[in-house]
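K.L.:
Just passing along the structure, written as structure tokens.
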Amino acid sequence: MNDQLIIAGKKFNSRLMTGTGKHKSKEDLLKSIESSETEIITVAIGRIDLNDPQKKNLLDHISWNDYQILPNTAGSKTAEDAVYIAKLAREVTGSNWIKIEVIPDSKYLLPDPIGTLKAAEILIKEGFVCLPYIGADPVLAKRLEDTGCATVMPLGSPIGSGRGVLALEEIQIIIEQSKIPVVVDAGLGVPSDASKVMENGADAVLVNTAISKSNDPELMGEAFKLGVKAGRKSFLAGRIPETLIANPSSPQEGIK
């Protein structure tokens with residue numbers, strides 16, 4: 001079955017995106033990327049030292065021919081910050097894809113809806129393919145879609161919390177009303193979290209901390225790959241209706 005993820009006209013076989021932060025070593029990062037079979041990798045451009053051209057950075061260790069590099073605007077507290085980093089990212093990577101993150105709050109790391117929308121409006125006019133990270137807000141998600149964003153990326157729970165999917169009902173509304181891919185991003189702790197949102201119709205998930213901070217990132221990358229695939233297949237297959245009473249699985253004909 002040809003069931004590809006399509007974002008801004010590009011086709012991907014994997015529905016698992018992965019991040020590059022918090023890994024204990026370069027080797028852990030590369031092994032987890034390979035085992036996850038991801039095709040889209042996020043990179044925080046604003047947190048890479050680009051001043052020394054002789055100094056190797058994260059981008060030097062990833063094969064650009066094998067992956068879609070998705071720069072993000074991590075570290076941005078305002079829309080203006082995000083626009084600046086996005087333009088820097090385009091210069092560095094040569095790609096107009098950008099994951100918008102506008103996060104003024106350093107404790108809960110919740111995205112600023114007003115700043116995110118403002119940044120998206122500016123960057124889309126500048127020719128960027130925008131993938132905004134947002135709270136699980138159906139109204140904002142629709143506004144961003146109408147603005148021209150390529151995806152919306154609602155959080156499952158706060159970044160790095162590992163609390164799983166606390167906003168499932170809101171995410172379900174976003175999925176139901178969206179005509180662009182919905183990528184659940186942030187807070188997923190285990191592969192069953194990814195499977196849950198995929199079962200409910202999410203188009204993809206983005207996972208970073210749950211892989212990078214696990215005891216075995218390579219194995220966890222593979223586990224998330226399988227969780228995403230299982231959830232997607234379950235969604236396509238269609239679950240049975242829930243009922244309040246039991247429904248025997250064995251034939252009942254002839255039984256008195």
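The values are calculated or read from the model by the stated rules, or taken from the named source; none is laboratory data. Treat the numbers as computed from the prediction; the structure is a model and nothing was measured. With ideal geometry, Cβ positions are generated from the backbone for all residues, glycine too; neighbour counts draw on all protein chains shown.
K.L.:
I'd like to know if the stretch 196-205 contains one or more residues that are surrounded by 15 or more Cβ atoms within 10 Å (Cβ to Cβ), in contact (Cβ under 8 Å) with a residue 24 or more places away in the chain and touching an Asp or Glu at 6+ places or on another chain (Cβ under 6 Å).
P.N.:
Quick first cut of the stretch 196-205, residues surrounded by 15 or more Cβ atoms within 10 Å (Cβ to Cβ) only: 196-205.
Right, trim to in contact (Cβ under 8 Å) with a residue 24 or more places away in the chain and you get 196-205.
Those still in the list that are touching an Asp or Glu at 6+ places or on another chain (Cβ under 6 Å) too: none.
Within the stretch 196-205 (the criterion being surrounded by 15 or more Cβ atoms within 10 Å (Cβ to Cβ), in contact (Cβ under 8 Å) with a residue 24 or more places away in the chain and touching an Asp or Glu at 6+ places or on another chain (Cβ under 6 Å)), the answer is no, since none of the residues qualifies.
K.L.:
Do you know which of the residues in the stretch 1-20 that are assigned to a loop (DSSP other than H, G, I, E, B) and more than 14 Å from the chain's Cα centre (by Cα) is modelled with the lowest pLDDT? Before you say what the answer is, go through the steps one by one.
P.N.:
First pass over the stretch 1-20, keeping only residues assigned to a loop (DSSP other than H, G, I, E, B): 1-4, 8-9, 13-15, 19-20.
With the extra rule that they be more than 14 Å from the chain's Cα centre (by Cα), the set shrinks to 1-4, 8-9, 13.
Details: Met1: 58, Asn2: 81, Asp3: 90, Gln4: 95, Ala8: 95, Gly9: 94, Asn13: 96.
Ranking the qualifying residues of the stretch 1-20, first place goes to Met1.
K.L.:
Further question: Taking only the stretch 167-193 into account, find how many residues are more than 16 Å from Asp137 (Cα to Cα) and assigned to a helix (DSSP H, G or I).
P.N.:
3
K.L.:
Looking at this structure, is Leu110 farther than 21 Å from Thr18 by Cβ and of a type in the set (A, V, I, L, M)? Before you say what the answer is, go through the steps one by one.
P.N.:
On the way: farther than 21 Å from Thr18 by Cβ: yes; of a type in the set (A, V, I, L, M): yes.
For Leu110, the condition - farther than 21 Å from Thr18 by Cβ and of a type in the set (A, V, I, L, M) - is met.
K.L.:
Of these, Lys142, Lys196, which one is closer than 20 Å to Val102 by Cα and in a helix (DSSP H, G or I)?
P.N.:
Working: Lys196 fails: closer than 20 Å to Val102 by Cα.
None of the other options fit; the residue is Lys142.
K.L.:
Oh, and also: Would you be able to tell me the number of residues in the stretch 26-44 that are not aliphatic (A, V, I, L, M) and not in a helix (DSSP H, G or I)? Outline the logic, then answer.
P.N.:
Going residue by residue through the stretch 26-44, those that are not aliphatic (A, V, I, L, M) are 26-28, 31-32, 34-39, 42.
Okay, now just the ones that are also not in a helix (DSSP H, G or I), so 37-39, 42.
Matching residues across the stretch 26-44 total 4.
K.L.:
Quick one: Leu88 ticks every box in (1) part of a helix (DSSP H, G or I); (2) modelled with pLDDT under 95; (3) under 16 Å from Asn208 (Cβ atoms) except a single one, so which number is it?
P.N.:
Single failed check for Leu88: (3).
K.L.:
Also: Here are Lys213, Lys229, Lys256, Lys233: which of them is over 23 Å from the mean Cα position of the chain (by Cα) and either basic (Lys, Arg) or at pLDDT 95 or above (or both)? Break it down into steps so the answer makes sense when it comes.
P.N.:
Values: Lys213 fails: over 23 Å from the mean Cα position of the chain (by Cα); Lys229 fails: over 23 Å from the mean Cα position of the chain (by Cα); Lys233 fails: over 23 Å from the mean Cα position of the chain (by Cα).
Exactly one residue qualifies, and that residue is Lys256.
K.L.:
Now a separate question. Name the residue that is farthest from Pro154 (Cα to Cα), counting only residues in the stretch 105-139 that are hydroxyl-bearing (Ser, Thr, Tyr) and surrounded by 20 or more Cβ atoms within 10 Å (Cβ to Cβ).
P.N.:
Narrowing the stretch 105-139 to residues hydroxyl-bearing (Ser, Thr, Tyr): 106, 108, 116, 133.
Checking which are surrounded by 20 or more Cβ atoms within 10 Å (Cβ to Cβ) leaves us with 116, 133.
On the way: Thr116: 12, Tyr133: 6 Å.
The extreme case among them is Thr116.
K.L.:
If Ser234 passes every condition in (1) of a type in the set (Ser, Thr, Tyr); (2) surrounded by 15 or more Cβ atoms within 10 Å (Cβ to Cβ); (3) in a loop (DSSP other than H, G, I, E, B) but one, which one does it miss?
P.N.:
(3) is the only condition that Ser234 fails.
K.L.:
Still on this model: So which of Gly156, Gly164 is under 15 Å from Pro111 (Cβ atoms) and either outside any loop (DSSP other than H, G, I, E, B) or touching a helix residue (DSSP H, G or I) at 6+ places or on another chain (Cβ under 9 Å) (or both)? Spell out the reasoning first.
P.N.:
Details: Gly164 fails: under 15 Å from Pro111 (Cβ atoms).
Going through Gly156, Gly164 in turn, just one is under 15 Å from Pro111 (Cβ atoms) and either outside any loop (DSSP other than H, G, I, E, B) or touching a helix residue (DSSP H, G or I) at 6+ places or on another chain (Cβ under 9 Å) (or both): Gly156.
K.L.:
Among the residues of the stretch 99-153 satisfying the criterion of being modelled with pLDDT under 95 and among the hydroxyl-bearing types (Ser, Thr, Tyr), which is nearest to the chain's Cα centre (by Cα)?
P.N.:
Here the residue is Tyr108.
K.L.:
Across the stretch 2-26, which residue is farthest from Met220 (Cα to Cα) among those that are touching a residue at least 40 places away in the same chain (Cβ under 8 Å) and loosely packed, with under 12 Cβ neighbours inside 10 Å? So that I can check it myself, show each step before the final result.
P.N.:
Looking only at the stretch 2-26, we keep the residues that are touching a residue at least 40 places away in the same chain (Cβ under 8 Å), and these are 3, 5-8, 10, 12, 14-24.
With the extra rule that they be loosely packed, with under 12 Cβ neighbours inside 10 Å, the set shrinks to 3, 24.
Working: Asp3: 24, Lys24: 14 Å.
The residue in question is Asp3.
K.L.:
Given the structure, is Asp49 farther than 19 Å from Thr209 by Cα, surrounded by 19 or more Cβ atoms within 10 Å (Cβ to Cβ) and either at pLDDT 80 or above or among the acidic types (Asp, Glu) (or both)? Give the derivation first.
P.N.:
Details: farther than 19 Å from Thr209 by Cα: yes; surrounded by 19 or more Cβ atoms within 10 Å (Cβ to Cβ): no; either at pLDDT 80 or above or among the acidic types (Asp, Glu) (or both): yes.
Taking the combined requirement at face value, the residue does not satisfy it.
K.L.:
Quick one: would you say Gly156 is within 15 Å of Gly19 (Cβ to Cβ), surrounded by fewer than 18 Cβ atoms within 10 Å (Cβ to Cβ) and without any contact (Cβ under 8 Å) to a residue 60 or more places away in the chain? Outline the logic, then answer.
P.N.:
Values: within 15 Å of Gly19 (Cβ to Cβ): yes; surrounded by fewer than 18 Cβ atoms within 10 Å (Cβ to Cβ): no; without any contact (Cβ under 8 Å) to a residue 60 or more places away in the chain: yes.
No: the conditions fail for Gly156.
K.L.:
I'm told Met198 meets every condition in (1) at pLDDT 95 or above; (2) in contact with a Leu (Cβ under 7 Å, 6 or more places away or on another chain) except one. Can you identify the failing condition by its number?
P.N.:
Every condition holds for Met198 apart from (2).
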